[in-house]
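> I am attaching a structure below and will ask some questions about it afterwards.
The values are calculated or read from the model by the stated rules, or taken from the named source; none is laboratory data. All values reported here derive from a predicted model rather than from experimental measurement. As a convention, Cβ positions derive from the backbone with ideal geometry for all residues, glycine included, and neighbour counts pool all protein chains shown. SASA here: full protein model, heavy atoms, side chains in, ligands and nucleic acids out. Shrake-Rupley method; radii C 1.70, N 1.55, O 1.52, S 1.80 Å.
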Amino acid sequence: MDHPEVLMMATPPRRFEKADDKVIDIQHVMLRRLQTEMADLQDCAEQLIITTRSNMATQKGTLQAALALLDCEGLGPLVRTVAEDLPMLLDVDICALRLERHVLPPPGMPVEDNDDGLDLTTLPAGFVDDLFGPEAHAVLRPAVEAEDSIYGDISGIVRSDALVRVEPGDGLPPGILALGTRVEGTFEPEMAMDLLVFLAKVAEACVRRWAPDTL
């Protein structure tokens, strides 16, 4: 009465201990099946709780990352915030915001942040369409040899990444928001990308907001 959980862990006695093999204790079988089903349900409940907490943490990190981008005062600080703050907020090893470097980039579009050398326009022309195709907005690569044009000199540490299309518009070149990790298989094609697409839209708005000041 005081510890009902013991009942689900105990092995129920058989009613026909001395019976021959022709007699089957159905009650014993039903009790064991019930115990197994209860254990499975408990495992499912625990897994659901873990998944829910993980999703809440991911959502919180994404919203904090969006606020960090919106706080930036210029393209240079925007690129630096993506590289330095977003990895911690999104629990990855590296983040990068990159735009295509066209043969004739928009006048005044900064190729490099003079304060710390963080590049913005490092992608070759046509890179975004070649990567995503005509319709896709995101690509998840469980195992990859990362490109230097995305991650620079530390591309060698990236074993899995998520790439999201960035389309600032207003005549500005397209680009990507990239998240990379050292662990192969971190990003799988079946994973939901809604939050990262939302974050990429915030990055688009920030690029569009500050680019006119450099034209």
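> Inside the range 53-89, can you point out the residues that are open to solvent by 30 Å² or more (accessible area, probe 1.4 Å), within 26 Å of Thr186 (Cα to Cα) and modelled with pLDDT of 90 or more? Lay out the reasoning, then the answer.
Residues of the range 53-89 that are open to solvent by 30 Å² or more (accessible area, probe 1.4 Å), as a first pass: 53-60, 63-64, 67, 70-71, 73, 77, 80, 83-85, 88-89.
Adding the requirement that they be within 26 Å of Thr186 (Cα to Cα) leaves 53-60, 63-64, 67, 80, 83-85, 88-89.
Answer for the range 53-89, where residues must be open to solvent by 30 Å² or more (accessible area, probe 1.4 Å), within 26 Å of Thr186 (Cα to Cα) and modelled with pLDDT of 90 or more: Leu63, Gln64, Leu67, Arg80, Ala83, Glu84, Asp85, Met88, Leu89.
> Look at the range 157-183 and say how many of its residues are part of a loop (DSSP other than H, G, I, E, B) and within 13 Å of the chain's Cα centre (by Cα). Working first, answer last.
Step one: of the range 157-183, the residues part of a loop (DSSP other than H, G, I, E, B) are 158-159, 167-174, 182-183.
Now restrict to residues that are within 13 Å of the chain's Cα centre (by Cα): 183.
So the answer is 1.
> Next up: Can you pull out the residues in the range 206-215 that are open to solvent by 20 Å² or more (accessible area, probe 1.4 Å), in contact (Cβ under 8 Å) with a residue 24 or more places away in the chain and either in a helix (DSSP H, G or I) or in contact with a Ser or Thr (Cβ under 7 Å, 6 or more places away or on another chain) (or both)?
Within the range 206-215, the first condition is being open to solvent by 20 Å² or more (accessible area, probe 1.4 Å), and the residues that meet it are 208-210, 212-215.
Retained after the next criterion (residues that are in contact (Cβ under 8 Å) with a residue 24 or more places away in the chain): 208, 210, 212-215.
Arg208, Trp210, Pro212, Asp213, Thr214, listed by residue number.
> Separate question: Do we have any residue at all in the range 102-119 that's at pLDDT 80 or above, open to solvent by less than 40 Å² (accessible area, probe 1.4 Å) and not polar (S, T, N, Q)?
Here is the first cut: in the range 102-119, the ones at pLDDT 80 or above are none.
No: the range 102-119 contains no residue that is at pLDDT 80 or above, open to solvent by less than 40 Å² (accessible area, probe 1.4 Å) and not polar (S, T, N, Q).
> Can you pull out the residues in the range 156-203 that are without any contact (Cβ under 8 Å) to a residue 40 or more places away in the chain and surrounded by fewer than 19 Cβ atoms within 10 Å (Cβ to Cβ)?
Matches in the range 156-203: Gly156, Glu167, Gly169, Val183, Glu190, Ala192, Asp194, Lys201.
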